[in-house]
Every structure is written in structure tokens, then in C-alpha cells.
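All remarks here apply to the structure that follows.
The values are calculated or read from the model by the stated rules, or taken from the named source; none is laboratory data. Please read all numbers here as calculations on a predicted model, not as lab measurements. Counting neighbours? That spans all protein chains shown, and the Cβs are built from the backbone with ideal geometry, glycine included. For the accessible areas, the whole protein counts, side chains as well, though only heavy atoms, and no ligand, DNA or RNA atoms are used. Shrake-Rupley method; radii C 1.70, N 1.55, O 1.52, S 1.80 Å.
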Amino acid sequence: MNVQRFQGKEIESGFKRSVVFSFWDGFVHLLFPSSCIVCQGELLRTEQICCSVCFSELMFTQFEKAREPTPLDQLFWGRVDVSAAYALLYYEKTNTVKPLLRALKYENRSDVGVFFGKLIGNKLIELKSFSSVEVFIPVPIHQKKRYDRGYNQSEQLVKGISTVWRLPVDKKVVSKRMHTQSQTKLGRFKRWDNVEDQFYVNTAIRQYKHIALVDDVITTGATLEAIIQQIRLISPEIQISVISLALAK
Ligand SMILES: [Zn+2]
């Protein structure tokens, strides 16, 4: 992956634009102060999505600094071959990541995905194992869910990651077959039966040597495992890496 940086004229025109925007920003902020997604407190102009106190309480995995296999690497051991795996945050039902995920999935806050996607993009710079990734593939959601929600949350994460890693995004090569009943109401083993065959992989996947699947949250890993198995049926030699906003603890 190549990190491209803005240069020359772009910086100059970006500067002029940023002055105008910062006036406008200040004006909008005065009229409509935005609130922290976690504690609902008013955000300062320099803060986005959540206040600095709530941000400091987020449980970061620090996987980018890990020397040993992480719990996310281990999750796929003996199941499917994953080249590199990264998650930014640990998710627990009681921790501050929960309101973030809720806002991203159910409260029409696609900006949460873009914001944390950028953070992920910056962390991935430290990981050489991702350097040969050619394309981002967001984990698809069913058309109906996409219509109801207005967006696919994983695509929003990719949007953020792509501001750092200027790589192509392929939203078509993996698609969802059918609308299944809510996964959360099923137990782990039933969930596995349900998740099999949910995804359709196009033979166009064969053009890639190393792909990165991007998801919002990994719990059992069953969804990614199902997608990876489907992909390998079509392209057995392909390298597959995994990126997620959160990993359930
Ligand atoms: Zn807060």
C-alpha cells in the first residue's frame, strides 16, 4: 500500500479553503453545538465524535505494537488462513465502544465510521504485514439493511482508511445473498449454520493477490470465516487480511 501525501498547490489551496471552512465551522458550532456520542456533553470545536475524556477511556487494542500473535490472530487459528489481522478497539458490553457502534449502526452516524477509519489507516502504517494489500473489500450487508440504514457501516470505515491508504475499494466482488434473521438472537452454533452460504463471491476476485476485508465488529469471527471460505473456493492462493473497528472481548 502506498501512502500518498498532499503536496505543493494542493496545500496552498487547501489552506485558503481551510480558513473559509474554519470561519464557517465556528459559525455552525455556535448555532448547533454538537455533543459527544458517549457522554452527550458538548464538544469543543477541536473535538469530533466524542469528547477527549471519553476518547481517552476507549479501550485501544494496541495491536499495531504487538510482537506476539494477538487475540484476533488467534481467533482464526485452525479455522481459516489470515495473512494479517487488525482491530482498533476492544468492545465490551459495558465499555464506551458500545455507544460508538450503536451510533454507527443505528443512529445514522456514518461520520463515526469515517473518523475511526482514518485512525485505523494511521495505525496500519506501523504494520508491515499489510503493506502488500491491493484492495479494500467492505463486508457487505443486505440491500434491505443498507436501504434502511442509508449506508453500509464497513464502507464508511473504508472511506476513512482510504484517506490514508489510497487504494481501490471493491464493493461488488463480495455480496450478500439473502436477508437472514437477526444473528444476535441465535446462539453460537446456530449462528454458524446460518452464516454459511450467506455470501456470494464473484470470480473477479481472481485479479487480486492480497485483499483486506473490512468489518465493523468481530465477535465469533463466523462471518469473516464464511466469507474467507467462499473466497478460497474461487481463488485458493489469495492472501486475505482482516481489518475491524472493534473486537469483542
Ligand atoms: Zn464524552
So in the range 12-57, with the set limited to residues that are of a type in the set (Gly, Ala, Ser) and modelled with pLDDT of 90 or more, which one is most open to solvent (accessible area, probe 1.4 Å)?
SER56
Those residues of the range 220-241 which are within 15 Å of ARG79 (Cβ to Cβ) and assigned to a loop (DSSP other than H, G, I, E, B) amount to THR220, GLY221
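Mind checking which residues of the range 87-107 are open to solvent by 90 Å² or more (accessible area, probe 1.4 Å) and under 16 Å from the mean Cα position of the chain (by Cα)?
ARG102, TYR106
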Flag for VAL80 being surrounded by 20 or more Cβ atoms within 10 Å (Cβ to Cβ) and touching a residue at least 40 places away in the same chain (Cβ under 8 Å):
no
Do you know which residues across the range 147-174 are at pLDDT below 95 and closer than 23 Å to THR220 by Cβ?
ARG149
The condition from (1) farther than 13 Å from ILE49 by Cα; (2) of a type outside the set (D, E, K, R); (3) part of a helix (DSSP H, G or I); (4) open to solvent by 40 Å² or more (accessible area, probe 1.4 Å) that PHE115 misses is numbered (1)
Answer yes or no as to whether VAL82 is within 16 Å of the ligand (Cβ to nearest atom), under 21 Å from the mean Cα position of the chain (by Cα) and assigned to a loop (DSSP other than H, G, I, E, B).
no
Any hit, the range 191-207, residues being in contact with a strand residue (DSSP E or B) (Cβ under 7 Å, 6 or more places away or on another chain), under 20 Å from LYS128 (Cα atoms) and either modelled with pLDDT of 65 or more or assigned to a loop (DSSP other than H, G, I, E, B) (or both)
no
Over the range 47-79, the set of residues of a type in the set (D, E, K, R), assigned to a loop (DSSP other than H, G, I, E, B) and within 16 Å of the ligand (Cβ to nearest atom) is GLU47
Can you spot a residue in the range 211-218 that is open to solvent by 10 Å² or more (accessible area, probe 1.4 Å) and in a loop (DSSP other than H, G, I, E, B)?
no
Being under 21 Å from ILE120 (Cβ atoms) and surrounded by fewer than 16 Cβ atoms within 10 Å (Cβ to Cβ) is the filter here, so list the residues in the range 131-148 that pass it.
SER131, SER132, GLU134
Looking only at residues that are touching a residue at least 24 places away in the same chain (Cβ under 8 Å) and not in a loop (DSSP other than H, G, I, E, B) in the range 85-98, which one is nearest to VAL114 (Cα to Cα)?
LEU88
